[in-house]
Amino acid sequence: MPWFIKAKTERDSRTKLADEMWIKCQQCNAHVFKQDFINNLSVCPKCNWHGKITAYERIGMTLDVGTFKEINENIRPDDPLSFVDGKGPYREKVEQARQKTGLNESVVTGLGKINGTFIVVAVMDFRFLGGSLGSGTGEKILLGANYSYDHKLPYIVFSASGGARMHEGILSLMQMAKTCAGIARLNERKIPYISVLTDPTTGGVSASFAMVGDVNIAEPGALIGFAGRRVIEQTIKQKLPDSFQTAEFVLEHGFLDMIVNRGDLKKTLSYVLSFYNR
């Protein structure tokens, strides 16, 4: 049946070509040219849905060109429990994440400038084990805070995480207190800490360093919360509103200072930083 094989091959080729050309918006289901989507900073031009981006994409659109210098890039996850679950050893998952992303951990830290202002920055990448908070993640965020403290530079953290990394047990949970302690020290020298919450910011990250900024900013529609919606509904035996745990809901209830479109974020951060430089 060569005619059938040929037709199937042509159909597969057309499907592959369509996938390469189009993006389907996860919010409004509109089909958008992939290049238009990328040119618009991975934001849907029809409904303003903000798609996930990589750490280095975030750095590229936020910092001045050529100013970023990565620090502590060699810190990697540890496996103190020799953890194994039904899908295999934790060490293998880490290696797969490293191969997939080119990163050593779920956060990239470094130095750079925003419209000429020197800052320390930490940017989480959801592709690396769901942006989970492991001991290496917490160590890098703490070291970023320490560098900020020692050199009296503003510290900005972009969160994108599903929460604490269960594979490391209590050592992962310890990072919540550890990162907050490092950030709290910045108050001693009146150094600004700005937290930017992106989709998603949940679990142990939302319950620690993501929500303690001097200024808390979120992208539109970002999922922000601690426990999952289904768990909460089953616990309190109530139906939650559709907008629950969105950035807009969190802003309305006083946990955010502002919601800023991705395209306006650099300008907004520069404006906020200008008050600290006076």
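The values are calculated or read from the model by the stated rules, or taken from the named source; none is laboratory data. Keep in mind it's a predicted model, so treat the numbers as computed, not measured. In this analysis, Cβ positions are derived from the backbone assuming ideal geometry, glycine residues included, and neighbour counts consider all displayed protein chains.
General remarks:
- Top-ranked residue in segment 19-34 [being in a helix (DSSP H, G or I) and surrounded by 11 or more Cβ atoms within 10 Å (Cβ to Cβ); ranked as modelled with the lowest pLDDT]: ASP19
- Within segment 205-246, tally of residues that are under 13 Å from the mean Cα position of the chain (by Cα) and either free of Cβ contacts under 8 Å to residues at least 40 places away in the same chain or outside any strand (DSSP E or B) (or both): 8
- All conditions but one from (1) closer than 19 Å to SER172 by Cα; (2) touching a Phe, Trp or Tyr at 6+ places or on another chain (Cβ under 9 Å) apply to ILE59; the one that does not is (1).
- Test: residue in segment 187-194 that is closer than 19 Å to GLU219 by Cα and either without any contact (Cβ under 8 Å) to a residue 12 or more places away in the chain or in contact with a Gly (Cβ under 9 Å, 6 or more places away or on another chain) (or both): yes
- Residues in segment 227-275 that are in contact with a Leu (Cβ under 7 Å, 6 or more places away or on another chain), more than 16 Å from MET211 (Cα to Cα) and among the hydrophobic types (A, V, I, L, M, F, W, C): 1 in all.
- Of all residues in segment 147-176, those that are in the same structural domain as VAL212 (by TED's automatic domain parsing) have Cβ atoms under 8 Å from Cβ atoms of residues that are surrounded by fewer than 19 Cβ atoms within 10 Å (Cβ to Cβ) and among the acidic types (Asp, Glu), 6 or more apart or on another chain, in TYR149/GLU188; HIS167/ASP79; HIS167/ASP85; GLU168/ASP78; GLU168/ASP79; LEU171/ASP78.
- Looking across segment 47-69, the residues that are surrounded by 13 or more Cβ atoms within 10 Å (Cβ to Cβ) and of a type in the set (D, E, K, R) come down to LYS52, GLU57, ARG58, ASP64.
- Just one of the numbered conditions (1) part of a helix (DSSP H, G or I); (2) touching a residue at least 24 places away in the same chain (Cβ under 8 Å); (3) hydrophobic (A, V, I, L, M, F, W, C) is not true of PHE275: (2).
- LEU111 being assigned to a strand (DSSP E or B) and either closer than 19 Å to ILE170 by Cβ or in the same structural domain as PHE126 (by TED's automatic domain parsing) (or both): yes
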